[in-house]
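Novice: What follows is a structure written as structure tokens; I'll ask about it next.
The values are calculated or read from the model by the stated rules, or taken from the named source; none is laboratory data. Computed from a predicted model, the values in this text were never measured in an experiment. Don't worry about glycine lacking a Cβ; one is built from the backbone with ideal geometry, like all the others, and counts go over all protein chains shown. With ligands, DNA and RNA removed, areas are computed over all heavy atoms of the protein, side chains included. Shrake-Rupley method; radii C 1.70, N 1.55, O 1.52, S 1.80 Å.
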Amino acid sequence: LPPEQLRAKSDEFKKRLAEGEPVESVLPEAMAALREASDRAQAHRHFHCQVIGGQVLYGSNVAEMKTGEGKTIVCHLAAYVKFVQGKKVHIVTVNDYLVKRDAEFARPIFELLGATVGYIQSGEAPGGHEGMRAKSYACDLTYGTNSEFGFDYLRDNMKVSLEEQVQGKLDFAIVDEVDSILIDEARTPLIISGPAD
């Protein structure tokens, strides 16, 4: 397919889902489109075991993969299917280096399919609705660390109006290093304070 026809696939999938077609019938084609976009944009074609991993993640389950088995691109499959369903996707990883690396690797793949990718870094000022974070959260996929997402969630809940909040919809999250983040890191509380009235 030419690039414009590949990009048009996203609109086709969205239309089919909006017309009531079950996601199960769109899922194989959507994952195939993402696989093709990945091959074109980054010369990374998903192996069959990685496609299975993407299906596992899409089903909100844990996929155990060893280092070097390609977790970075496996999450793209589930993220893309959620994107064509009109869902916002947050991809959570363990440090700022991986956040930036993974987001910049994913961006050209998803751009081929008409999706936007942003990322949150700990050095960025939280800002208001017009800040860098708001722009990153406005993307279809947003990469960040668990603590940055957690603090932004707490900050948003301290805002007095919806317009000041930056995080947006909380539809679907994919967590890299899930054992570390949901067990080890979860022992460290996120504490935020502001001036009292």
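Novice: Go through segment 1-24 and give me each residue that's hydrophobic (A, V, I, L, M, F, W, C) and in a helix (DSSP H, G or I).
Specialist: Leu6, Ala8, Phe13, Leu17, Ala18, Val23
Novice: Still on this model: Which one of Thr67, Thr145 is at pLDDT below 95 and open to solvent by less than 40 Å² (accessible area, probe 1.4 Å)?
Specialist: Answer to the selection: Thr145.
Novice: Looking only at segment 86-102, which residues are of a type in the set (Val, Ile, Thr) and over 19 Å from Ser10 (Cα atoms)?
Specialist: Selection gives Ile91, Val92, Thr93, Val94, Val99.
Novice: Moving to a separate point now. Please enumerate the residues belonging to segment 1-43 that are open to solvent by 80 Å² or more (accessible area, probe 1.4 Å) and either in contact (Cβ under 8 Å) with a residue 60 or more places away in the chain or acidic (Asp, Glu) (or both).
Specialist: The answer is Glu4, Arg7, Asp11, Glu19, Glu24, Arg40.
One line per residue, one yes/no per condition, for (1) in contact with a Pro (Cβ under 8 Å, 6 or more places away or on another chain); (2) within 18 Å of Ile192 (Cα to Cα); (3) of a type in the set (A, V, I, L, M); (4) open to solvent by 40 Å² or more (accessible area, probe 1.4 Å):
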site	(1), (2), (3), (4)
Thr93	no, no, no, no
Arg101	no, no, no, yes
Glu104	no, no, no, yes
Tyr119	no, no, no, yes
Gly123	no, yes, no, yes
Arg155	yes, yes, no, yes
Glu164	no, yes, no, yes
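Novice: Same structure again: Mind checking which residues of segment 134-170 are in contact (Cβ under 8 Å) with a residue 12 or more places away in the chain, of a type in the set (Lys, Arg) and either over 23 Å from Tyr80 (Cα atoms) or not in a loop (DSSP other than H, G, I, E, B) (or both)?
Specialist: Correct list: Lys135, Arg155.
Novice: Which of the residues belonging to segment 44-55 are open to solvent by less than 50 Å² (accessible area, probe 1.4 Å) and assigned to a helix (DSSP H, G or I)?
Specialist: Scanning segment 44-55 gives Gln50, Val51, Gly53, Gly54.
Novice: Confirm whether Ala173 is open to solvent by 40 Å² or more (accessible area, probe 1.4 Å), in contact (Cβ under 8 Å) with a residue 24 or more places away in the chain and outside any loop (DSSP other than H, G, I, E, B).
Specialist: In short, yes.
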